[in-house]
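Down below is the structure, laid out as structure tokens.
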Amino acid sequence: MLERPLLIPLASLIAGLCTADFLGSTFPSWSVAALLATTLITCFLPGRFSYLLSITMLFFVQGGAALKPFLTPDAGLGSFVTEQPVRIQGVVDQRPEGIANGGARVYLQVERVTFPQASSGAVGSSPNPKGSWEDHGGRVKEATGRLLVQVDQGRPRLGTGDRVLLESRIRKPRSLGIPGESDYPRRLAYQGVFATAFVRSSEDLVLVRAGDGWRRQVDRLAASLAGFISRTVPGTEGAVLKALLLGDAGDIPREVSNAYSLSGVNHILSISGFHVSIIFLCLYQGLFLLVRRCELLALHLNLRGTLLVACLPVVIFYLFLSGAAPATQRSVLMIAGVVAALHLKREVDPVNSLMLAASAILCWAPQTIFDLSFQLSFLAIWGLIVLTPPLAAPCATLPAPLRWSLLLMIASAAAILATLVPVAYYFHRVSFIGLLANLAIVPLLGYGAVVAGFAALGLSLLVPAPAELLLRLAAWLVGLSDQVILYFARAPAITGYAPVMLDFLLACLLLCAVTFLRPRLWRTLVSLALLLILCVRAVPAGNGGDGQLRVDFLSVGQGDAALVRLPDGKRMLVDGGGRAGGSEERVGERLLLPALWRLGVPRIDYLVLTHEHPDHLQGILYLAQHFEIGELWRSGAPSYSREYLELNWLAAARGIPVRTVNGATPPFTAGAAVVEPLWPLPGIPSAPVDANERSLVFRLGHGQSSVLFTGDLGAQSEQTLLARGIPLRSSVLKVGHHGSRYASSDPFLSAVSPRAAVISAGYGNPFHLPAPSTLQRLQRHGIPVYRTDLDGTVEAICGADGTVVLSTPWGHFN
């Protein structure tokens, strides 16, 4: 207790925060006051047990109560959610964040919302289309709350404190209801955001009045320095330097960012403790070399102690200049703690320093515990502190050059081991190539580009010419680093390990055992036991089938994707979702891949594309490039779309067998299920410009039950199928074209006569699908309807005896 005075309070606080997050509820505020009084009383009681128990409960309950504003917020902007555009006025409360697709995120503290003049005075009522804004009688409502404005294209030149005006719909954040996704509403809630808005261009954000104050000045300086970098070294090198020096990673090309992630060194692109420490040490050493030449100062001052304190304001200023990320906060707090301990002539303990930094951040902003940057940063430093010394002990007698190289690899290994389970939990992959990549990247970027770039930023305000030379040197080092990274990114990574939250907890307990348990025997036994449990849980389960046909109609937004688990254990994916407008939205990386890992799918045996439209193809395109595929099925209908041609090229490059499946293909068996291709029929005319009418339609049968997949088939082709007398009766119908009114005609529904129908559509999609007329037709035929936009992912279990059970195990949207 005396050795680790912060251990019990910090552990109790974290346990309370995690319990409240898991349960989704908090403790009443009066309980904190009651426990505080109890703790004060126990201070005067004999013995330590009552005091330790009361302080444990106090911080546990405090942790739970601290999340109340995020888990049970006031109505705020939620009362302004509407399907009609409104005019929003607010103040930017945080520097806008650039994102990789060329857009941005802007956070506003909303002041007022103006509705067009409507026939009804109720908030959220449908306004008259010809209604006007406040200048002509629009209804102005005072509002409070934090709003996330997502900008599709362009980076707004705004700073903290700027008052802006925009027109948009106010939406409530929603998760999709797909396996493996993060809780998007909860993640925004921990940023104080309970409503979102969308604008197409940065020009849609109108500056009403520029802000003032020190934060606005810091933002202006950061923008000026970013402009200096972009002008001096445009392109990828400049984008990487902005990430290294200013925390702005929005301009880094996606392929470069992915390469750093695949190489296991993406930590270098975010400003972390490593960057701040390097800057602090270089600044300290530079000042020391200058000041020690002054005899007067050397005689009257403790130069080292004084310069340590003098460097603190610089790194604190840099904290705000770079965006004040949790990893940077942690580093600055640890440096401040070390400097304070040196001045007080106290022993510096790295574990206590780490706990002090964590306690300070969580007491100020308790929701930060759920920030990914906070978690990975603290775990990596924790691993460096407790794992590096025992691993490095055998290197003490080696020659210096070899010893330093091995120490760098050992430090990298310690950080990788400490974050292995969390990285696999969040990113579904683990790469050990970072052990080698760090040997090149740390000197090039850490000791080279960061130092030269930081010096260039400081000189740019005084002498631009030398600053440009230094910045070009930093850019040259970045270029070398990019070449190394692109080479290392080709190395394979471990992708079959898919831990769950329990594994995350066990990994943290393992670190706790290594760090805090005494004596050594207990530490060794408990650590080995936890490690053994983690290793056993990492062994993948068998992929044998259970004799049933299982179909997960995945909720991927306004698109189609269905994962089929065949009776013998093989997997089929029918379409992969995407964005109907044609702009790639990373559906494969963000949605499909996490869902597949969460469902325990290491391989897709049959990858099926019904037609080439982006909302069916884009996810398949990603999987064909990054996932293990057995066969690719396509209808053989001609198409010259760019993405379809790219899919064919990928299949050829990776040696994926391609199979043509259409109405002329006789029924065949796949995974112990019967595949009956029904459409398109070669030689049957269909609208040549409408790929929907050429969608691959097939029935997947298992004993007496079956599922009919229709792609985006329309009424025109439905009539042709019916006219040819093709049998269509099925147990489950995947409704064609997302429930469009131009599909699922009455004769077609009568012929299929399903026991249930599933519609794949995005919530609040701009096409207003499914159409009311289609829903009415389904209702007239007495067919129960499941919708991914309202129900999330829909699971259908079909038994060979004809039993069919549909459920929505991944969440509803109520």
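The values are calculated or read from the model by the stated rules, or taken from the named source; none is laboratory data. Given the structure is predicted, the values throughout are model-derived calculations rather than measurements. Positions of Cβ are generated from backbone atoms using ideal geometry, with glycine treated the same way; all protein chains shown enter the neighbour counts. Heads up: the accessible areas ignore ligands, DNA and RNA and are worked out on the full protein's heavy atoms, side chains in. Shrake-Rupley method; radii C 1.70, N 1.55, O 1.52, S 1.80 Å.
Tabulated results
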item	result
Residue among L617, L563 that is under 20 Å from W679 (Cα atoms), surrounded by 22 or more Cβ atoms within 10 Å (Cβ to Cβ) and at pLDDT 90 or above	L617
Total residues in the stretch 69-84, condition in a helix (DSSP H, G or I) and surrounded by fewer than 16 Cβ atoms within 10 Å (Cβ to Cβ)	2
Among (1) of a type outside the set (K, R); (2) surrounded by fewer than 17 Cβ atoms within 10 Å (Cβ to Cβ); (3) over 38 Å from the mean Cα position of the chain (by Cα); (4) part of a helix (DSSP H, G or I), the one test that S31 misses	(3)
Only listed residue being aromatic (F, W, Y), more than 17 Å from the chain's Cα centre (by Cα) and either closer than 30 Å to F22 by Cβ or crowded, with 17+ Cβ neighbours inside 10 Å (or both), chosen from F194, F198	F194
3 or more residues at positive phi: qualifying helices (runs of 4 or more DSSP H) within the stretch 208-302	none
Flag if L509 is under 20 Å from L6 (Cα atoms), in a helix (DSSP H, G or I), modelled with pLDDT of 85 or more and open to solvent by 50 Å² or more (accessible area, probe 1.4 Å)	yes
Identity of the residue in the stretch 476-502, assigned to a loop (DSSP other than H, G, I, E, B) and of a type outside the set (A, V, I, L, M), that ends up nearest to I441 (Cα to Cα)	R490
Candidate set: the stretch 157-191, residues that are in contact (Cβ under 8 Å) with a residue 60 or more places away in the chain and assigned to a helix (DSSP H, G or I); chosen: the one least open to solvent (accessible area, probe 1.4 Å)	A189
Residue among Y640, Y622 that is open to solvent by 70 Å² or more (accessible area, probe 1.4 Å), aromatic (F, W, Y) and out of contact with any Cys (no Cβ under 9 Å at 6 or more places or on another chain)	Y640
Unique residue being in contact with a Pro (Cβ under 8 Å, 6 or more places away or on another chain), of a type in the set (A, V, I, L, M, F, W, C) and under 21 Å from S182 (Cα atoms) when the list is L71, L23, L67	L67
Counted residues, the stretch 775-793 - those being out of contact with any helix residue (DSSP H, G or I) (no Cβ under 6 Å at 6 or more places or on another chain), hydrophobic (A, V, I, L, M, F, W, C) and not in a helix (DSSP H, G or I)	1
Any chance T39 is over 30 Å from A195 (Cα atoms), in a helix (DSSP H, G or I) and β-branched (V, I, T)	yes
Residue within the stretch 397-405 that is of a type in the set (A, V, I, L, M) and assigned to a helix (DSSP H, G or I) present	yes
Residues being in contact with a His (Cβ under 9 Å, 6 or more places away or on another chain), among the aliphatic types (A, V, I, L, M) and crowded, with 23+ Cβ neighbours inside 10 Å - total across the stretch 730-751	1
Residue selected from the stretch 582-614 under the condition open to solvent by less than 50 Å² (accessible area, probe 1.4 Å) and among the small types (G, A, S), by the criterion farthest from T710 (Cα to Cα)	G600
Checklist (1) closer than 30 Å to L593 by Cβ; (2) outside any helix (DSSP H, G or I) applied to L462, failing item	(1)
Qualifying positions in the stretch 429-450 - surrounded by fewer than 21 Cβ atoms within 10 Å (Cβ to Cβ), of a type in the set (V, I, T) and in a helix (DSSP H, G or I)	V442
Of all residues in the stretch 1-22 being of a type outside the set (A, V, I, L, M, F, W, C) and over 16 Å from M57 (Cβ atoms), the one that is surrounded by the most Cβ atoms within 10 Å (Cβ to Cβ)	D21
The lone exception for G323 - which of (1) open to solvent by less than 40 Å² (accessible area, probe 1.4 Å); (2) part of a loop (DSSP other than H, G, I, E, B) it fails	(1)
